[in-house]
Ligand SMILES: NC(=O)c1ccc[n+]([C@@H]2O[C@H](COP(=O)([O-])OP(=O)(O)OC[C@H]3O[C@@H](n4cnc5c(N)ncnc54)[C@H](OP(=O)(O)O)[C@@H]3O)[C@@H](O)[C@H]2O)c1
């Protein structure tokens, strides 16, 4: 797809990987709306990169429905949804509390489903569209402390396969990107320290791959793409 004048919606586009994706799509000529819960942060980013800000929580159905109303009022159409908003909680099973578990599932699974559902309605009616789900290498294997986050990403991977099976006949490309560790604010939001190092992945590396899968000619698509740092410092 040639991205010039195409319309993109990037959830969690106010920071980190989502911001880099939005910037990269804008650089390729797309019109981009970004979402996030923190209005001030969202508006600062939108202003800085030339995106349209829609303050919304993907985990709230009313916010999701309003997101699409605002998007269509601003741009009139949608060509690609980037389901990127995500949060993490990392605790051993014996310490896992219901509220933390459900908070992660609400954003990473329910939120992605609600955003995907509304995009799919538009895409089926238009007989074309693109959904890119930002999952993680956490969608591919479990590890200690991953009960909430890894479960949410396994679920996102499962939904990606289901959507692909449903939507492919409507010319909708459903794709998944699995970043390994990327230097963002995700770690501090999840309550752990991330050691910065030039050998680790940056948000721009993931944005590069998202743009690449979208730019491929519509006759084909990438089902899933996993991105690791070549030789990250531990
Ligand atoms: N960083 C990594 O190492 C890594 C690796 C693999 C996969 N990922 C995935 O990549 C995605 C982006 O992560 P990141 O590292 O860029 O994180 P980040 O820097 O913490 O940014 C997260 C973004 O999502 C927004 N957000 C969070 N919850 C939201 C909600 N309920 N509704 C709307 N927006 C919400 C945040 O804004 P507000 O807080 O203002 O809402 C922010 O814009 C996530 O799905 C994450 O799981 C990250």
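Which of the residues that make up the stretch 5-35 are within 9 Å of the ligand (Cβ to nearest atom) and at positive phi?
Listed by number, the residues that qualify are 12, 16.
Would you mind telling me which numbered condition in (1) within 10 Å of the ligand (Cβ to nearest atom); (2) under 24 Å from residue 60 (Cα atoms); (3) in contact with a strand residue (DSSP E or B) (Cβ under 9 Å, 6 or more places away or on another chain); (4) not in a strand (DSSP E or B) residue 194 fails?
(2)
Tell me which residues, restricted to the stretch 63-72, are within 23 Å of residue 16 (Cβ to Cβ) and either part of a loop (DSSP other than H, G, I, E, B) or more than 16 Å from the ligand (Cβ to nearest atom) (or both).
Result: no residue meets the conditions.
Take the residues in the stretch 94-111 that are surrounded by 11 or more Cβ atoms within 10 Å (Cβ to Cβ) and away from the ligand (no atom under 16 Å from the Cβ), then tell me which one is farthest from residue 194 (Cα to Cα).
Ranking the qualifying residues of the stretch 94-111, first place goes to 97.
Restricting to the stretch 112-146, and then to whatever is farther than 24 Å from residue 169 by Cα and surrounded by 19 or more Cβ atoms within 10 Å (Cβ to Cβ), can you tell me which residue is nearest to the ligand (Cβ to nearest atom)?
136
Can you find a residue in the stretch 47-54 that is more than 8 Å from the ligand (Cβ to nearest atom), touching a helix residue (DSSP H, G or I) at 6+ places or on another chain (Cβ under 8 Å) and assigned to a loop (DSSP other than H, G, I, E, B)?
yes
On the given criteria, is residue 229 part of a loop (DSSP other than H, G, I, E, B) and within 12 Å of the ligand (Cβ to nearest atom)?
Criteria met by residue 229.
Just to be sure before I move on: is residue 220 within 16 Å of the ligand (Cβ to nearest atom), closer than 24 Å to residue 120 by Cα and without any contact (Cβ under 8 Å) to a residue 24 or more places away in the chain in the structure I sent?
no
Quick note: the coordinates plus some simple rules give every number you see, no bench work behind them. Predicted, not measured: the structure shown is a model, and the values here were computed from it. Cβ atoms come from the backbone with ideal geometry, glycine included; neighbour counts cover every protein chain shown.
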